[in-house]
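These notes are about the structure you will find just below.
Laboratory data are not the source of any read-out in this text; all were calculated from the coordinates shown. Owing to the predicted nature of the structure, the values given are computational and were not obtained by experimental measurement. Note: ideal-geometry Cβ built from the backbone for every residue, glycine included; neighbour counts use all protein chains shown.
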Amino acid sequence: MRSSEKGDKSNYCHFSAANERCKYWTYPLYLACWAWATGMGFGFLPVAPGTWGALWGLPLVMALRRLPDYGYALAAIAIWLASVGVSTWAARRLGAKDPSPVVCDEWGSLPVTFFLIHNTSLWVLVAGFVLNRMMDILKPPPARRLERLPEGWGIMADDLASSIYANLLLRAAIACHAALANSL
């Protein structure tokens, strides 16, 4: 008798379309998880997958900006928490602690970079995106240490810390731009 017939459910389904015991509804969920984790496949690009994957955060930010501030905050928190679970799921399947195809941490952190910044000009979007990527690459403290957290928490937490830094730097850039514009 196989171990799965003895009541061991450890090998049950795992969102694999090839597993005959899976119900038909699990395959769309499997595809949705991969799309979420890899930024619709951008995470598999050979050069700068994190930057390409982070591009999905820009339309997300533009959509979230239509919400009131509390709705924006709740949606950003929900996206971040869902990304913890999805990145854990994807990292386990890829067999790495923080695999480069998993880019939901990149696009999921952009709403934090733009939180409570109501300036919608193009230069602010570009500056926020560049600052987000710079802080994610540089990983100022404590971002680097947060990578040590287990599974999806470590994948997501370092980007959360980096995005907070990017938010503060973007606020400073906007203030400097406004001060410079007023002095001319």
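Here the chain is scanned for chymotrypsin sites (Phe, Trp or Tyr not before Pro) in DSSP loops (not H, G, I, E, B) that have at most 15 other Cβ atoms within 10 Å, and the longest stretch holding none of them is 26-184.
Here the calculated FRET efficiency for LEU94 and LEU58, from their Cβ-Cβ distance with R0 = 25 Å, stands at 0.50, rounded to the nearest 0.05.
Stretched out straight at 0.36 nm per residue, the stretch from TRP153 to ARG171 would grow longer than its current Cα-Cα span by 3.8 nm.
Loop-located trypsin sites (Lys or Arg not before Pro) across segment 37-145 with a Cβ neighbour count of 14 or fewer within 10 Å are ARG65, ARG66, LYS97, with loop assigned by DSSP. Cα axis of helix 122-138 to longest principal axis of the chain: angle in degrees, 0 to 90, nearest 10? Taking the Cα atoms of the chain, the angle to 122-138 is about 60 degrees. Extending 7 Å from Cα along the Cβ direction at ASN182 and again at TRP123 yields two label points whose distance is 1.6 nm. Quick one: pull the percentage of alpha-carbon pairs in the chain with a separation above 31 Å. Of all Cα-Cα distances in the chain, 25 percent exceed 31 Å.
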